[in-house]
Amino acid sequence: MINQAFAVAGPFTWLFDPLSHEFMRRALLVSALVGAVCGLLSCYMTLKGWALMGDAVSHAVMPGVVVAYALGIPFSIGAFVFGVGSVALIGFVKQKSRVKEDTVIGLVFTGFFALGLVLVSKIKSNIDLMHILFGSPLGISNADLMQTFIISVIVVVFLLIYRRDLMLYCFDPTHARSIGINTTFLHYLLLSVLSLAAVAGLQTVGIILVVAMLITPGATAYLLTDRFDRMTTLAIMSSVISSIIGVYISYWSDIETGGSIVLVQTIIFLLAFLFAPRYGILNSQKSIP
Amino acid sequence: MIDSLRKGKATEISRIQANQICVDYNGLVALYDASLELPGGCICGLVGMNGAGKSTFFKALMGFVRPSRGNILINGQSVKHAQRDQAVAYVPQNEGIDCSFPVSVWDVVMMGRYGSMDIFRIPRESDRKAVWHALERVELLDLRRRPIGELSGGQRKRAFLARAIAQRASVLLLDEPFSGVDVRTEKLMAELFIQFRNEGRTILISTHDLSHVRDFCDLVVLINKTVLAYGETSKVFTSENITMTFGGMPPNLLSGPITSEDSL
């Protein structure tokens, strides 16, 4: 009897039962949204070779979030200022010293991150450090949901308007410049949307794992296609699907949501790594020149 | 020498005109007092050692570096203006390109049209026609759907040449166009260069390979931090001048392809 009842209700239960909770509907919505935004951006990050930069910016927004909370302004503004500021600082130190770029990046972002940790412990506020570090889509407030929504719209609009120019900038910046495209603008545009996307990603998976949102979907899609447009579609799809599955797993298994989302992304990447039609290691003997 | 070449079309504006340009990077002089005037419709070799200022000269023509003194006119206009008119196309060396980038040959050639499109870069019928035509000319039409990474070195070179054709540039800057290309591509490129010249385009080829200069170039520019000499290849491309360009090394290197490392 019990088995029978379970068999009938089972599939519907795991799918629809969570949806009866307001917090789950919101968690799914925000995770899917952030997944889509970060998935689209991840294509540019992987093609430009900015994984480390993504890591740097996402960590560097930490003190900005804390300061913004303390001042009572939207945390995305503080995060944006510190995200872009960290990149400017990286550029400045690299230019003015003989230290190599990857060292400067590592140095600056850990410095910013440490500053964030110190500020959290020093500034009296109701910020939950764990929420910033590991994300909490299940407990997202209305204000945060609204902010994430606005950020997502801004990022997607800019990425859609400049998608061709950004692709060209990643592929052949010299040609882009020689036909009169302002590559300095594109560079800072990409950095700005990176800072914004990091703030959005922070909501679902937290600062520590947000870099995964910014590179894994792009890397997965890169193994699956040789077309840029298809790559963006696949990256968004895999990212959104990972986010939704991750939230469901988190709900049913009572595990940490951010970790669960990123783990699903990693598993999808591993599947592509093994089984991708052309570039998977099990199929690659004949095609890679 | 140039004057004789330009006889009969004296009313035409020079394609490239550099007047005593100086370029320095934070005080380090890369190019000084370099003057040059190239007419429309010529193939010109830019010859010099590594570090002689070839790439700096290219960068100045593309508007990437601003001369600290002197000025450059392309088609009688400022470099910035020329850029907006899509007048200058740069064909990169193979090494400078990420071959695993997920774009097709068609996509790459379409990039030549971006400058003429609106902000969203949505191709119009005329853009597609231009790309089709350009691919036809470099004999890559059959391979237009291929990812750029699956082309041979020579085919890739032709793809970037097609991009310059699609751009309808009047000045083509080619960086070591003959390095790492197959015989078919080399022959095709030589034919194309002659067609370009007859269409009135000016082709500036930066190269170490002296034998190609003699085979393809009407004019030659010898540089070493400044323009040492320029003019018709037959008159300027002498052993003394080449010796001077390569810092006093004997010109017996003329017999075959050389690299600057050999000549240093």
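Looking only at the range A:211-234, which residues are within 11 Å of chain B (Cβ to nearest Cβ), in a helix (DSSP H, G or I) and of a type outside the set (Lys, Arg)?
Across the range A:211-234, the qualifying residues are A:Gly218, A:Ala221, A:Tyr222, A:Leu223, A:Leu224, A:Phe228, A:Asp229, A:Met231, A:Thr232, A:Leu234.
So which residues in the range B:224-252 are at pLDDT below 50 and either part of a helix (DSSP H, G or I) or within 20 Å of the chain's Cα centre (by Cα) (or both), if there are any at all?
Scanning the range B:224-252 gives B:Pro251, B:Asn252.
Give the number of residues within the range B:124-156 that are within 17 Å of B:Gln86 (Cβ to Cβ) and buried (at least 18 other Cβ atoms within 10 Å of the Cβ).
Residues in the range B:124-156 being within 17 Å of B:Gln86 (Cβ to Cβ) and buried (at least 18 other Cβ atoms within 10 Å of the Cβ): 4 in total.
So A:Ser242 ticks every box in (1) modelled with pLDDT of 95 or more; (2) in contact with a Pro (Cβ under 7 Å, 6 or more places away or on another chain); (3) away from chain B (no Cβ under 14 Å) but one. Which box is left unticked?
With (1) modelled with pLDDT of 95 or more; (2) in contact with a Pro (Cβ under 7 Å, 6 or more places away or on another chain); (3) away from chain B (no Cβ under 14 Å) applied to A:Ser242, the lone miss is (2).
Working only within the range B:163-205, note down all residues that are among the β-branched types (Val, Ile, Thr) and in a helix (DSSP H, G or I).
Once the filter is applied, which keeps residues that are among the β-branched types (Val, Ile, Thr) and in a helix (DSSP H, G or I), the range B:163-205 yields B:Ile165, B:Val183, B:Thr185, B:Ile194.
Applying the selection to the range A:1-41, what residues are of a type in the set (Ser, Thr, Tyr) and modelled with pLDDT of 90 or more?
Matches in the range A:1-41: A:Ser31 only.
Kindly evaluate B:Ile148 against the criterion of being more than 22 Å from B:Pro102 (Cβ to Cβ), in contact (Cβ under 8 Å) with a residue 12 or more places away in the chain and within 14 Å of chain A (Cβ to nearest Cβ).
Answer is no for this residue.
Go through the range B:213-223 and report how many residues are modelled with pLDDT under 90 and over 14 Å from the mean Cα position of the chain (by Cα).
2
All but one of (1) in contact with a helix residue (DSSP H, G or I) (Cβ under 6 Å, 6 or more places away or on another chain); (2) at positive phi hold for A:Ile123, so report the exception by its number.
With (1) in contact with a helix residue (DSSP H, G or I) (Cβ under 6 Å, 6 or more places away or on another chain); (2) at positive phi applied to A:Ile123, the lone miss is (2).
Taking the range B:46-105, which residues are crowded, with 19+ Cβ neighbours inside 10 Å, over 23 Å from B:Leu28 (Cβ atoms) and small (Gly, Ala, Ser)?
B:Ala82, B:Ala87, B:Ala89, B:Ser104, listed by residue number.
Any idea which residue in the range A:156-185 is surrounded by the most Cβ atoms within 10 Å (Cβ to Cβ), counting only those that are facing chain B (nearest Cβ under 7 Å) and touching a Lys or Arg at 6+ places or on another chain (Cβ under 6 Å)?
For the range A:156-185, the residue satisfying everything is A:Arg164.
Could you tell me which of the residues A:Tyr251, A:Tyr188 is more than 14 Å from chain B (Cβ to nearest Cβ), buried (at least 20 other Cβ atoms within 10 Å of the Cβ) and among the aromatic types (Phe, Trp, Tyr)?
A:Tyr251
Can you list residue pairs whose Cβ atoms sit under 6 Å apart, with the first residue in the range A:224-238 being over 17 Å from A:Gly35 (Cα atoms) and the second being not hydrophobic (A, V, I, L, M, F, W, C)? Count only pairs 6 or more apart in sequence or on different chains.
A:Asp226/B:Pro102; A:Asp226/B:Pro147; A:Arg227/B:Pro102; A:Phe228/B:Pro102
All but one of (1) more than 14 Å from A:Arg177 (Cα to Cα); (2) surrounded by 23 or more Cβ atoms within 10 Å (Cβ to Cβ) hold for B:Gly112; which doesn't?
So B:Gly112 meets the others, but not (1).
As an exercise: evaluate A:Leu196 against (1) within 14 Å of chain B (Cβ to nearest Cβ); (2) within 27 Å of A:Tyr69 (Cβ to Cβ); (3) of a type outside the set (Gly, Ala, Ser) and give the number of the one condition it does not meet.
(1)
Does A:Phe269 satisfy the criteria of being of a type in the set (Phe, Trp, Tyr), in contact with a helix residue (DSSP H, G or I) (Cβ under 7 Å, 6 or more places away or on another chain) and in a helix (DSSP H, G or I)?
Here the answer is yes, as A:Phe269 does meet what is asked.
The values are calculated or read from the model by the stated rules, or taken from the named source; none is laboratory data. The structure displayed is predicted, hence computed values, not measured ones. In this analysis, Cβ positions are derived from the backbone assuming ideal geometry, glycine residues included, and neighbour counts consider all displayed protein chains.
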